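Student: Have a look at this one before I ask anything.
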Amino acid sequence: MSLEKLNECIQIRRANNSRAREAIYNVLMQSDECLNICDIIKGLSDTYPKKISLNTLYRHLNFFIECKLIVVIQNDFKRAYYALREDSLMVFCICTKCTNVSKLDLVDFIDLDITEDVEFITIHKKCNKCTN
Ligand SMILES: [Zn+2]
C-alpha cells in the first residue's frame with residue numbers, strides 16, 4: 001500500500017496537497033486495525049508535529065470516503081471506525097461485549113454465499129480480547 005491512490009484522487013479532484021491529509025492517510029495505512037477518531041488523533045500525535053482540528057480531520061476523512069479510499073464502519077453506538085479499503089471483500093467484527101470494531105480474516109468466511117455487491121460485511125460476535 002502506498003500514497004499512490006491518494007495522490008491519484010488529489011489529481012483527479014484537483015485538490016490542494018495537504019501535509020495534514022497525508023499524515024492522516026499514513027496513520028490509517030500503518031495500522032492493521034480499524035481506527036476510531038481517538039486512535040487517529042493518537043496516531044497523529046506521534047507522527048505529525050502540528051495540531052489538526054477535529055473539523056479538518058473529519059473533512060479529510062470525508063475526502064477519503066468520497067474517493068473510496070477508506071471504509072467507515074459504525075458500531076452499535078454509532079461510533080465510527082475507519083479502515084483503508086482493500087481490493088478483496090472486507091469482514092469486520094463488531095464486538096457484542098466491548099463494541100469495538102476489528103478486522104477479520106476473510107478466509108474464515110469463505111463459505112459465505114455473497115451474491116450481492118456489498119462493500120463489506122459486518123458480523124456481531126465477541127472480539128478476540130473479550131473471548132479470552
Ligand atoms: Zn470485545
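The values are calculated or read from the model by the stated rules, or taken from the named source; none is laboratory data. As the structure is a computational prediction, the values presented were derived from the model and not from experiment. Cβ: placed from backbone, ideal geometry, glycine included. Neighbour counts: every protein chain shown. Areas reflect the complete protein model, heavy atoms only, side chains present, ligands, DNA and RNA absent. Shrake-Rupley method; radii C 1.70, N 1.55, O 1.52, S 1.80 Å.
Student: Is it true that Leu106 is surrounded by 14 or more Cβ atoms within 10 Å (Cβ to Cβ), under 13 Å from the mean Cα position of the chain (by Cα) and more than 16 Å from the ligand (Cβ to nearest atom)? Even if it seems obvious, please write down each step before you answer.
Tutor: On the way: surrounded by 14 or more Cβ atoms within 10 Å (Cβ to Cβ): yes; under 13 Å from the mean Cα position of the chain (by Cα): no; more than 16 Å from the ligand (Cβ to nearest atom): yes.
For Leu106, the condition - surrounded by 14 or more Cβ atoms within 10 Å (Cβ to Cβ), under 13 Å from the mean Cα position of the chain (by Cα) and more than 16 Å from the ligand (Cβ to nearest atom) - is not met.
Student: While we're on this one: Looking at the range 1-67, what helices (runs of 4 or more DSSP H) fall wholly within it and have at least 3 residues that are more than 16 Å from Leu84 (Cα to Cα)? First the steps, then the outcome.
Tutor: Values: elements: 4-12, 19-29, 37-47, 54-66.
In the range 1-67, the matching helices (runs of 4 or more DSSP H) lie at 4-12, 37-47, 54-66.
Student: Give me the pairs, please: first residue somewhere in the range 117-128 and free of Cβ contacts under 8 Å to residues at least 40 places away in the same chain, second residue anywhere and aliphatic (A, V, I, L, M) and open to solvent by less than 50 Å² (accessible area, probe 1.4 Å), beta-carbon distance under 7 Å, and either six or more positions apart or on two chains.
Tutor: As it stands, the answer is Ile121/Leu89; Ile121/Val91; Ile123/Val91; Ile123/Leu104; His124/Ile94, since those pairs meet every condition given.
Student: Working only within the range 48-59, note down all residues that are farther than 9 Å from Ala23 by Cβ and either open to solvent by less than 100 Å² (accessible area, probe 1.4 Å) or within 17 Å of the chain's Cα centre (by Cα) (or both).
Tutor: Answer for the range 48-59, where residues must be farther than 9 Å from Ala23 by Cβ and either open to solvent by less than 100 Å² (accessible area, probe 1.4 Å) or within 17 Å of the chain's Cα centre (by Cα) (or both): Ser53, Leu54, Thr56, Leu57, Tyr58, Arg59.
Student: Might you let me know whether the range 89-96 holds any residue that is open to solvent by less than 40 Å² (accessible area, probe 1.4 Å), part of a loop (DSSP other than H, G, I, E, B) and within 16 Å of the ligand (Cβ to nearest atom)? Reasoning before the result, please.
Tutor: We begin by selecting, within the range 89-96, every residue open to solvent by less than 40 Å² (accessible area, probe 1.4 Å); these are 90-95.
With the extra rule that they be part of a loop (DSSP other than H, G, I, E, B), the set shrinks to 95.
Remaining after also requiring within 16 Å of the ligand (Cβ to nearest atom): 95.
Yes; the residues of the range 89-96 include at least one that is open to solvent by less than 40 Å² (accessible area, probe 1.4 Å), part of a loop (DSSP other than H, G, I, E, B) and within 16 Å of the ligand (Cβ to nearest atom).
Student: Also, quick follow-up: Conditions first: (1) over 25 Å from Ser2 (Cβ atoms); (2) crowded, with 18+ Cβ neighbours inside 10 Å. Val27 passes all but one, so which condition is the exception?
Tutor: Every condition holds for Val27 apart from (1).
Student: Return yes when Arg21 is farther than 30 Å from Lys126 by Cβ and open to solvent by 60 Å² or more (accessible area, probe 1.4 Å) and no when it is not.
Tutor: Details: farther than 30 Å from Lys126 by Cβ: yes; open to solvent by 60 Å² or more (accessible area, probe 1.4 Å): no.
So Arg21 does not fit the description; no.
Student: Do the conditions hold for Ser45, that is, is it over 27 Å from Ile123 (Cβ atoms) and exposed (fewer than 14 other Cβ atoms within 10 Å of the Cβ)?
Tutor: Numbers: over 27 Å from Ile123 (Cβ atoms): yes; exposed (fewer than 14 other Cβ atoms within 10 Å of the Cβ): yes.
So Ser45 fits the description; yes.
Student: State all residues of the range 68-88 that are free of Cβ contacts under 8 Å to residues at least 40 places away in the same chain, open to solvent by less than 80 Å² (accessible area, probe 1.4 Å) and assigned to a loop (DSSP other than H, G, I, E, B); if no residue qualifies, say none.
Tutor: The initial filter retains those residues of the range 68-88 that are free of Cβ contacts under 8 Å to residues at least 40 places away in the same chain, namely 68, 72, 74-78, 85-88.
Within this subset, residues satisfying the condition of being open to solvent by less than 80 Å² (accessible area, probe 1.4 Å) are 72, 75, 85-86, 88.
Within the range 68-88, Asn75, Arg85, Glu86, Ser88 qualify.
Student: Yes or no: Asp39 open to solvent by 30 Å² or more (accessible area, probe 1.4 Å), in contact (Cβ under 8 Å) with a residue 40 or more places away in the chain and under 27 Å from Ile94 (Cα atoms)? Step through it out loud before you land on a result.
Tutor: Values: open to solvent by 30 Å² or more (accessible area, probe 1.4 Å): yes; in contact (Cβ under 8 Å) with a residue 40 or more places away in the chain: no; under 27 Å from Ile94 (Cα atoms): yes.
In short, no.
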